[in-house]
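Read-outs throughout are calculated quantities, based only on the coordinates presented, and are distinct from any laboratory measurement. Just so it is clear, the structure is predicted and the values come from calculations on it, not from any experiment. Note that we place each Cβ from the backbone using ideal geometry, even for glycine, and neighbour counts take in every protein chain shown.
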Amino acid sequence: MAPEDPIRREDLRGTWAMEHADDIPPARRKELTRLALEHGLESAESIRDREIPLFNRGQWGFSNSGTFLRVPFLHDMRELGGQDVAFVGVPLDTGTTFRSGTRWGPEAMRRISSLSGGSNLVLGVDLVESLTMVDVGDVSVIPANIEKSFDQIDRAIGYIIERGVFPVVLGGDHSIGYPDIRGLARYIDGNVGIIHFDRHSDLSEYNMDERMHGTPFFHATNIPNAPPTNLVQIGIGGWTSSRDGLRNARERRATVITIDDVDRYGIERVCEYALEIAWKNARCVYLSFDIDCMDPAFAPGTGTPEPGGLLPREVFQMLRLIAREGLAGMEVVEVSPPYDVADVTSLLGTRVIMEVLGTLVLNRKLGRIPQRDEAPGEPSAGSAEADRG
């Protein structure tokens, strides 16, 4: 075609594409969509597009890095039940107020988790031998709508809890703490205590007119069986303090333990006090761990870093003291890979999870402790079954 020829709409390749868009029948895609809905379950009622499954089954997403600790992937969620642990990603950063990127947290933690084989012989625990674990993939969040995402997360976590499986939530920003607890509390016959590690109180009612990552525990403690008197926050302080958050903590009688308190009273006394508050008249306790509670020298990959935080060894010691009493579930949030260096923040997130799971096993709160002379697959006298309840 000569350069001087006029451009005509009917000659455009875009016009051809529009006219032939339906020439390739989408039969296989429709079958994949049907299977995704069948295996990934129906979304929350607030989701208008009913072709979006509750658990993402590969149509789109933010994770393509394998499973956590290379455990089996559970493709068909109807088969959930009987396992000890389900790793579930919540790739949401709609609730961030400063630096986004936590939607990539689940992918990064899954990828770096392959560095470990799941055993710590110094502690004397092997997660692979003691726990039946599956990775159920990611919740299908709606990045442009945080409230619809909350509905999805609530429904997904509730599904895992209802089937008696311990949820390990890979975040995601801290706004997901609210729907995580909402999904849990619905299936607990009694009060839920919350132990929350963070440098920020996250107890404001709103951030920028929405329920974002500085607000989860204001709304979580509005849930009737998750009272604020059973909320303990550890590590609060620094130069990003929230006046509203501390005021709400005071008015609701929540317990705030600062870094200075940890230094003053020591790790053991602080953890003993935290357990006393969280477990008082509670049926269970949920652990919410924000990676920014650790000093950014060790955890730079997070959206709102605050210098002066806890050291990794301090954190691991505290987690062992707290988890030995048992937990109903846990989340690790605010891992933001775009700001990480050599995956060290993601690596710390995985170690937080492993320390908790290992402690639960050793204290017979989850899974089983295999005996030396035990035949493969044979039940162990160290099973946690008798300790649940």
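Residues whose amide H lies under 5 Å from that of GLY193, counting only those 5 or more places away or on a different chain, are ARG283, CYS284, VAL285, TYR286; hydrogens are built 1.01 Å from N in the peptide plane. The angle between the Cα long axis of helix 267-279 and the longest principal axis of the Cα atoms of the chain comes to about 70 degrees, rounded to the nearest 10.
Multiplying the residue separation of LEU123 and PHE98 by 0.36 nm and removing their Cα-Cα distance gives an extension gain of 5.2 nm. Residues of segment 286-305 with an amide N closer than 18 Å to a point placed 7 Å from the Cα of SER241 along the Cα-to-Cβ direction: 293, 305. Segment 126-201 and segment 208-270 have their alpha-carbon centroids 19 Å apart. Computed about the Cα centre, the dipole magnitude for the chain is approximately 660 debye when only Lys and Arg (+1) and Asp and Glu (-1) carry charge, each at its Cβ. Applying both filters, DSSP loop and at most 13 other Cβ atoms within 10 Å, to the chymotrypsin sites (Phe, Trp or Tyr not before Pro) of segment 170-257 gives TYR206, TRP239. Comparing TYR206, PRO216, ILE369 along the charge dipole axis of segment 53-371, the residue lying farthest to the positive side is ILE369, per the Cβ-charge model.
Using the average count of surrounding beta-carbon atoms within 10 Å as a protection proxy, the listed peptides 43-53, 82-92, 284-294, 173-183 rank, highest first, as 173-183, 284-294, 82-92, 43-53. In straight-distance terms, cross-link reach from LYS280 covers every one of the lysines whose alpha-carbon lies under 25 Å from its own, apart from those fewer than eight places away in the same chain; here that gives LYS365.
Taking the Cα centre of the chain as the origin and placing charges on Cβ (Lys, Arg +1; Asp, Glu -1), which of MET77, ILE160, ILE142 is farthest toward the positive end of the dipole? Going by the charge dipole, the pick is ILE160.
Here LYS148 is the anchor, and the lysines within straight C-alpha reach of less than 28 Å, apart from those fewer than 8 places off in the same chain, are LYS30. Dimensions of segment 119-244 along the principal axes, based on C-alpha atoms and rounded to the nearest Å, stand at 46, 33, 31, largest first.
Want the number for GLU251 to ARG313: 0.36 nm per residue separation, take away the alpha-carbon distance, what's left?
Here the segment from GLU251 to ARG313 would lengthen by 19.0 nm.
Return the calculated 222 nm mean residue ellipticity for the chain, to the nearest 500 deg cm²/dmol, obtained by summing -39500 (n - 2.57) across DSSP H runs with n ≥ 4 and dividing by the residue count. Provide the component values of the computation, followed by the final result.
Numbers: 12 runs with 127 residues, N = 389.
Taken over the chain, the calculation gives -10000 deg cm²/dmol.
Computed from the C-beta positions of ALA144 and ARG29 and an R0 of 22 Å, the FRET efficiency is 0.40 to the nearest 0.05.
For the chain, relative contact order (Cα pairs under 8 Å, six or more residues apart, normalised by length) works out to 16 percent. Just grab the label-to-label distance for GLU276 and ALA297, each label 7 Å out from Cα along the Cβ direction, in nm (one decimal). So the two model labels end up 3.2 nm from each other.
By the beta-carbon count within 10 Å of each Cβ, the least crowded to most crowded order of ASP22, ASP198, fewest first, is ASP22, ASP198. For segment 234-245, putting each phi into the Karplus relation 6.51 cos²θ - 1.76 cosθ + 1.60 with θ = phi - 60° gives couplings of 10, x, 5, x, x, 9, 10, 5, 10, 4, 5, x Hz, in residue order, rounded to whole numbers and with x for Gly and Pro. Between GLU210 and SER65, the FRET efficiency from the beta-carbon distance, with R0 = 30 Å, is close to 0.50.
Figure the gain on full extension for GLU162 and MET18 (residue separation times 0.36 nm, minus the Cα-Cα span) and round it to one decimal in nm. Each step should come with its number before you reach the end.
Values: separation 144, 0.36 × 144 = 51.84 nm, distance 4.70 nm.
Using 0.36 nm per residue and subtracting the Cα-Cα distance, I get 47.1 nm.
Per-residue 3J(HN,Hα) values for segment 151-167, derived from phi via the Karplus relation 6.51 cos²θ - 1.76 cosθ + 1.60 with θ = phi - 60°, read 4, 5, 5, 3, 5, 5, 5, x, 4, 5, 5, 4, 8, x, 10, 6, x Hz in sequence order (x marks Gly and Pro). Would you work out which of ILE234, LEU275, TYR187 lies farthest towards the positive end of the dipole of the chain? Charges go on Cβ: Lys and Arg +1, Asp and Glu -1. The Cα lying farthest towards the positive end belongs to LEU275. Between THR132 and ASN222, the C-beta separation translates, for a Förster distance of 45 Å, into a calculated FRET efficiency of about 0.80. Across segment 207-212, rounded Karplus estimates of 3J(HN,Hα) from the backbone phi angles (6.51 cos²θ - 1.76 cosθ + 1.60, θ = phi - 60°) give 10, 6, 6, 10, 8, 10 Hz, Gly and Pro being marked x.
Against the empirical 2.2 N^0.38 Å scaling, what ratio does the C-alpha Rg of the chain come to? Kindly include the intermediate steps, with their values, before the conclusion.
Numbers: Rg = 22.6 Å, N = 389, 2.2 N^0.38 = 21.2 Å.
Expressed relative to 2.2 N^0.38 Å, the Cα Rg reads 1.07.
Using Cα pairs under 8 angstrom and six or more residues apart, how large is the relative contact order of segment 190-300, in percent? Each step should come with its number before you reach the end.
On the way: 197 pairs, mean separation 42.4, N = 111.
Computed value for segment 190-300: 38 percent relative contact order.
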